[in-house]
Amino acid sequence: MTERAARWVDGLFPFRRVRQWVFTVPWDRRWRFARRHDLAKGALRIALSVLQQAYARRCETSGQTGTVTVLQRFGSALQLNIHFHILAVDGVFSRDDRGRLCWDAAPAPTTTEIEALIEDIAVRVEAWLAAQGFGPDDEDPAHNDTDALLQAAAIAGHSAFETRRRTQRIGGKTVTLPPLCAAWEGYTLHAGVAVDAHDRPALERLCKYVLRGPIAQDRLLRLDDGQIALVLKRPWSDGTTEKTFTDAALVERLAALIPPARKNQVFYGGVFAPGSKLRADVVRRRPRRKPTKRLVRADRRAKRSRWESWAELLKRAFDVHGFRCPRCQGRLTLRTVVVGPSAATKILADLGRGSTGPP
């Protein structure tokens with residue numbers, strides 16, 4: 001996750017403002033999209049087409065923006081929630097009469113414009129689904145396998161085999177849509193998050209956010225009765241602040257979130273698409289690194305411009321300097337690699353350290 005976010009920030013996204021579009025489908029469509037990856041890709045293709053047209057219209061040019069979409073299958077309470085995080089360069093790229101690359105920044109959208117966009121997207125997606133034989137009146141195909149049972153329960157937010165448990169700690173409250181967010185017939189579109197040009201740390205945090213996993217370990221608590229409590233990021237409107245699971249129920253919920261095998265969850269569009277004629281001029285290629293004294297295997301990987309060392313990833317992800325000396329704060333240098341228990345035992349004994357591992 002950290003390596004991909006770093007690669008996006010360093011090379012994929014140019015020094016332009018980036019806006020996040022969150023596209024969510026209705027509850028009754030999420031089960032279909034979870035089961036049929038081609039339907040999810042079709043809905044995303046329509047949404048990206050509408051956004052591309054909107055950017056060209058707002059910039060009054062025929063250029064293209066660049067998008068990176070991450071398909072997320074989970075919600076904050078580990079429910080199955082198919083939605084798309086779209087990172088788009090907030091403007092369009094095009095070529096002038098001389099063939100030179102030009103950039104036109106797009107003005108910030110308004111809530112009224114987003115309402116029109118989500119209505120257009122919803123109508124087109126529903127028409128396309130109906131043409132595929134998945135209209136609102138069509139019967140769901142029978143799925144009697146375990147995946148279908150787990151996914152249906154995960155969408156509903158409860159266990160397929162156990163009673164739902166929730167803990168309420170505060171009173172409920174009414175939830176309203178935030179600015180730059182609109183909904184239409186269960187479809188929602190949110191564009192309230194944008195990163196200014198040259199703010200690379202904020203862009204990297206945004207990339208890590210859309211690439212995050214379904215659960216953070218610090219949100220899981222083992223209770224005295226043996227249950228596992230999942231603390232929600234924010235209280236629900238009915239006052240729910242955490243959900244409790246048995247070990248089996250938690251594994252069941254995680255199993256429902258596993259994406260289909262060999263199906264991409266990250267999509268590149270516009271000028272970032274592999275077949276785009278503008279990609280070579282927009283994407284910044286990182287210079288090749290000079291060979292250094294490393295292990296043979298690491299030295300081979302260092303020749304690839306995309307590779308990030310573990311020390312660099314530790315620093316970017318957790319602000320941990322893996323090669324910093326704890327005494328003088330200087331940089332440590334790799335001398336050799338100790339292989340075998342006898343050599344490690346001798347070195348630890350000379351340092352006055354215990355050579356016996358933990359039980």
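Before moving on, here are some points about what is shown:
- Across Lys208/Lys263; Lys208/Lys243; Lys208/Lys277, pairs whose alpha-carbon gap is larger than 23 Å: Lys208/Lys243; Lys208/Lys277
- For segment 1-56: rounded, prolate or oblate by the Cα gyration tensor [a/c cutoff 1.5]: oblate
- Relative exposure of Phe84, Phe13, judged by other C-beta atoms within 10 Å (fewest first): Phe84, Phe13
- Linear extension gain, Arg324 paired with Asp28, 0.36 nm per residue minus alpha-carbon span: 101.3 nm
- Under 11 Å, Cβ to Cβ, from Ala183 - net charge with Lys/Arg +1 and Asp/Glu -1: -3
- Rounded, prolate or oblate (a/c below 1.5 giving rounded, otherwise prolate when a/b exceeds b/c) for segment 57-104 by Cα gyration tensor: prolate
- Take the Cα of Gln132, step 7 Å toward its Cβ, do the same at Asp199, and the gap between the two points is 3.6 nm.
- Close amide H contacts of Leu180 (hydrogens built in the peptide plane, cut-off under 5 Å, sequence separation of 5 or more or a different chain): Thr111.
- Residues Leu48, Leu221, Leu180, sorted so that the one with the fewest Cβ neighbours within 10 Å comes first: Leu221, Leu180, Leu48
- Shape class of segment 174-233 from the alpha-carbon gyration tensor: oblate, with a/c at 1.5 or above and b/c at least as large as a/b.
- Which of His190, His321, His198 has the fewest Cβ neighbours within 10 Å, and the rest in rising order: His198, His321, His190
- Percentage relative contact order, segment 12-145, counting C-alpha pairs under 8 Å, at least six apart: 26 percent
- Extending 7 Å from Cα along the Cβ direction at Thr176 and again at Ala108 yields two label points whose distance is 1.9 nm.
Every number here is computed from the coordinates shown, using simple stated rules; none is lab data. Since the model is a prediction, treat every value here as computed from it, not as a measurement. Here Cβ is always computed from backbone atoms with ideal geometry, including for glycine, and neighbour counts include all displayed protein chains.
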